[in-house]
Amino acid sequence: MQCNQSKLLTGLVGIYLSSTSWTVKANTCGASQSSGGSVDASLEILTRPVGISPETVYFSAQNSTDPNCVDFSGGNDIQACRTGQYFGYHFDFDDPDSGIFALTGNSKNNQISGAPRAAHTFVCEGAGNSRWNNFSQQCEFAVKVRVQNPTGDWDDVCVNVATKPQDVEYSVAETYCISSGSDFTDCPVGVPVANRLTNSPPQNLSTDLSHSRILYQRGSTGMYAPMCIGYDESDIRIDAYGTGSDPLIQEVVIGTAQGCNDRIPSNAQVSGYDTLSKNSSGHVISGWAFGNGVANLRLRDLTVGMSATLLSLHNLDLDWSAGGSFSVPSNGYVSLNSSGFNCYNNNNLDCDLVPYPYGIFLSEVRSVGDVDNMSVGNIPGVNIGCFNDCGMVNSAIIGSYTKAAFEHNLRVMGAWGLVISNSHFAGDHAGTNGPKSKITLRQIRTDSVASQVVNPENFISGNHAGDGPGWQRNSDVGQHFYPRYNFLVDNILGDTINTVTQDAGWIDLRPGHQYSSVFGTEFLLWPSADFNATQLFLGGRNITTHNTTFNGANITCRFNSRAWPEPSYQFDESLIFSDAPNGRCNGVTRNLPTPLQPGVYEDDLIFFDDFE
């Protein structure tokens, strides 16, 4: 057998040989290797390949193929095979400096499951990073995936990612330092006096902060005023400088029209915003509130307006469990879409002009309400919410922690391509609105008929009529997309200690979901838990769960037919495949492949250029 010429390794830096394996290590991608079988792997970046630290990048291997695919129904539905019923995926982010997730103990540097989509936050601070390129002055990563079928055939593929440190990306003239005590000792050298402030810069329509960084002083006292970014502002980093405790900001708002509290633009204003667009390589190059990031801060609240594009939210502290003088009702709320529904009741704004939020990323974000002495206390309505008519596309929640809210830990009204990984949704639903879920993923409009045609990833002809971009919201709610391609990987739900809680389904996937799966979930248990609550509450079609650690007490799984208040749509219990014991929800153990790390080979004979 001869190696496929398209798979030749051309950018090899080094080959390390041992008695049992070969490891190929490269800082940039060459062509990758294959077992020579029927699997043809694909790997795409669905955000942008070059960003500003810290930036989350979203990957998809979902276009991988195998003509021999057999899904759990015994058919050959390639989308089912790609999304939890045939392939196994090993993503390697080539980021050994990233460490481990504090919540799960898993490496941040890989994702191994049946999920074809993954996201990773790349941090680059300069020459101390192992992937630093001194010539290009950026960190460079060769991100790989191995795709494997159940018979052992596999294929590797690689893409290049680069992340620029803030000190390189931004000049001192583009840098603002903010200190309530006027202490600019650790502010980057050369920042102009005019850019040294004592509070958040007020939003000013005549001032465009695009391509600037705003740094708050660590260890400073008090609470800073809200920091707001307009829909027409891009590539802003809001971060911290110096040493000490994280600075506290009252609220960060991403997506405003003409002031922090004005998040609903007019048609006239929208005409000046950048359209959500991709280039010929499929990389996103523009959109509302494009390419912004917020990191390393303490916040009372975090709000996204009607839409945002490629937003990285990293290492943010909204943990108010200890209360304190700045604790108020509803603090700790992360709102990922605060007003998307407003185009439906606003004569001055056409819904067709408002894109769905695309690429909204939370990594290592903590949201914890203040539940005190068995009472509601100061808690958010939900910890993380993307509410009415959200429609979030190709987004992720990674390594994040939520606990103590009036209702759910996480509620998303419509998601396509949502990855939730290595996070802990700990419960404490302390409100009075009845049982709530730790994770509830719903349709854009609950129980509504939606479109099987609309594809929000298609920026050319993905709408219901096939004559416009799929990101158009459309004023007809029946022409929204159904939730698809949502993957939960290695998460923890519940806690061993809860103060006040009323539980429904711990993971609640409403009908309408399609080709979505849950991998490696661990359910915890605490005294006085409601044993009638359901750990897996599954609705939709082609839904699978794998490697679940059930808590041994609560009901393992129920079908979520959601027949009230309207009939269910896209629900077929014969196309739901759980791993629950006793056959609940068609429960049985169905093993998927567990691929080795890409570039690592056991005793297979690996072919290089014309060598056999």
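Quick notes on this one:
- Estimated at 0.36 nm per residue, the fully extended path between T28 and T446 surpasses their Cα-Cα distance by 146.0 nm.
- Heavy-atom accessible area with a 1.4 Å probe sorts E125, E251, E55, largest first, into E125, E251, E55.
- Evaluated with a Cβ-only charge set (Lys, Arg +1; Asp, Glu -1), the stretch 26-91 carries a dipole of roughly 140 debye about its Cα centre, given to the nearest 20.
- Stretch gain in nm, segment L596-N68, where the contour uses 0.36 nm per residue and the Cα spacing is subtracted: 188.0 nm
- A 1.4 Å probe run over the protein chains yields, for the chain, 36 Å² of accessible area per residue, whole-number rounding.
- Listed residue (N149, F91, N76) projecting farthest to the positive dipole end of the stretch 65-158, Cβ model: F91
- Placing unit charges on each Cβ (+1 for Lys and Arg, -1 for Asp and Glu) gives the chain a dipole about its Cα centre, and among N433, L349, C557 the Cα reaching farthest toward its positive end belongs to N433.
- Alpha-carbon centroids, the stretch 239-288 and the stretch 333-363: separation in whole Å: 12
- MRE, 222 nm, helices only [DSSP H, n ≥ 4, -39500 (n - 2.57), over the chain, to nearest 500]: 0 deg cm²/dmol
- Basic side chains Lys and Arg get +1 at the Cβ, acidic Asp and Glu get -1 at the Cβ, and with that the dipole of the chain about its Cα centre reaches some 860 debye.
- Prolate/oblate/rounded label for the stretch 68-107 (Cα gyration tensor, a/c 1.5): prolate
- For the chain, the fraction of 1.4 Å probe accessible surface lying on carbon and sulfur atoms is 48 percent.
- Three-way shape call for the stretch 393-548 based on the alpha-carbon gyration tensor, with the a/c threshold at 1.5: prolate
- Relative contact order %, the stretch 372-483, counting alpha carbon pairs below 8 Å whose residues are six or more apart: 22
- Burial ranking of peptide ranges 158-164, 365-371, 36-42 (average Cβ count within 10 Å, highest at the top): 365-371, 158-164, 36-42
- Pairs of Lys residues in the chain, spaced 8 or more positions apart or belonging to different chains, with C-alpha separations under 29 angstrom: 17 in total.
- Against the empirical curve 2.2 N^0.38 Å, the C-alpha radius of gyration of the chain lands at a ratio of 0.95.
- Here the stretch 134-177 is assigned +1 on the Cβ of each Lys and Arg and -1 on the Cβ of each Asp and Glu. Its dipole about the Cα centre then comes out at about 60 debye.
- Of the peptides 390-398, 589-597, 450-458, the order by per-residue mean of other Cβ atoms within 10 Å, starting with the highest, comes out as 390-398, 450-458, 589-597.
- Anisotropy class of the stretch 504-543 from Cα gyration tensor, a/c 1.5 cut: oblate
The values are calculated or read from the model by the stated rules, or taken from the named source; none is laboratory data. These figures come from a predicted structure and were not determined experimentally. Every residue, glycine among them, receives a Cβ derived from its backbone with ideal geometry; neighbour counts consider all protein chains shown. Remember, those area values only see protein heavy atoms, side chains included, never the ligands or the DNA or RNA. Shrake-Rupley method; radii C 1.70, N 1.55, O 1.52, S 1.80 Å.
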